[in-house]
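The values are calculated or read from the model by the stated rules, or taken from the named source; none is laboratory data. For clarity, every value in this text was computed on a predicted model and none was experimentally measured. Because the Cβ atoms are built from the backbone with ideal geometry, glycine has one as well, and the counts that use them run over all protein chains shown. For accessibility, only protein heavy atoms count, side chains too; no ligands or nucleic acids. Shrake-Rupley method; radii C 1.70, N 1.55, O 1.52, S 1.80 Å.
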Amino acid sequence: MLILCDFDNTVSAQDVTNLIWDTYYRPDWREVLLPRFRAGEITSIELMQLGYKPVKAPESELLPFVKQRIGLREGFEAFAASCQRRGWPLHVITAGLDWYVRAYLPPGIPFIALAAELNDGWEVSLPPGLDVPRGQDYKKVLLDQLRREHPGLPTLFIGDGRNDFPAARACERVFALKGSTLECLCREHGVACEVFETFGEIEAALGS
């Protein structure tokens, strides 16, 4: 089984980017950026680019700030170890930034995240070597890439957000955070999903 997992508010107990923007982005990003994203005017990547550009604080300030407030979701490390024992490839795929995802994940867990460099604000770009043609979804492109690397394996997606839905609906099995936008979209569009609050619940649902 090939397992793809979102990071923000899925592996992490809360959304790291939301916390950064709530603190460092002015005016309110929920009023400025979210309506454009929900209307389809900007992609998830463009949302991240616009949201991080006004943030001037360096990683040395941001990382301690978020790690004091947000930890990993309960059961993730045990779940990752279980996947390794079973020989199930686990990949974290996220539109979050590489430097904070790397700082949170236990060693050895592969991930794909957006690249970020601080110049006059954070400049956010696609992961090196990845091309996402206009009109295609970032996480769906990653799903297709990982399927080519692991041919023949059924796919499972774990996530919570709107930008998880295009990839999740293309997988054989979906776990959506309870009460999340992903759960609502799955219900709305008739996509079968199972809900979770901890990774221990996912591990139990997958059996021994």
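A few notes on this one:
- Of A113, A39, A168, the one that fluctuates the most in a GNM where the chain has Cα springs shorter than 10 Å: A39
- Inter-part distance, the stretch 11-38 to the stretch 122-194, computed on C-alpha centroids, equals 20 Å.
- With contacts taken as Cα pairs under 8 Å at a separation of at least 6 residues, the stretch 74-208 carries a relative contact order of 19 percent.
- The lysine pair count for the chain, using Cα distances under 27 Å and pairs eight or more places apart or on different chains, is 8.
- Whole-number accessible area per residue in Å² for the stretch 130-208, which is evaluated in the context of all protein chains at 1.4 Å: 49 Å²
- Rounded to the nearest 5, the antiparallel percentage of DSSP beta bridges internal to the chain is 25%.
- Entry note, the chain: the mean residue ellipticity at 222 nm calculated from DSSP H runs of n ≥ 4, each adding -39500 (n - 2.57), is -11000 deg cm²/dmol after division by the residues and rounding to the nearest 500.
- Net charge of Cβ neighbours under 14 Å - reference G40; Lys, Arg +1; Asp, Glu -1: +1
- Matching the structure-derived Cα extents along the principal axes in Å against the labelled list [x] 59, 36, 35; [y] 47, 41, 33; [z] 49, 34, 34 gives the label [z].
- Percent accessible area from carbon and sulfur atoms, the stretch 75-155, protein chains only, probe 1.4 Å: 50 percent
- Amide proton proximity set for R73, modelled H, under 5 Å, gap of 5+: S12, A13
- Shape of the stretch 1-94, Cα gyration tensor, a/c cut at 1.5: oblate
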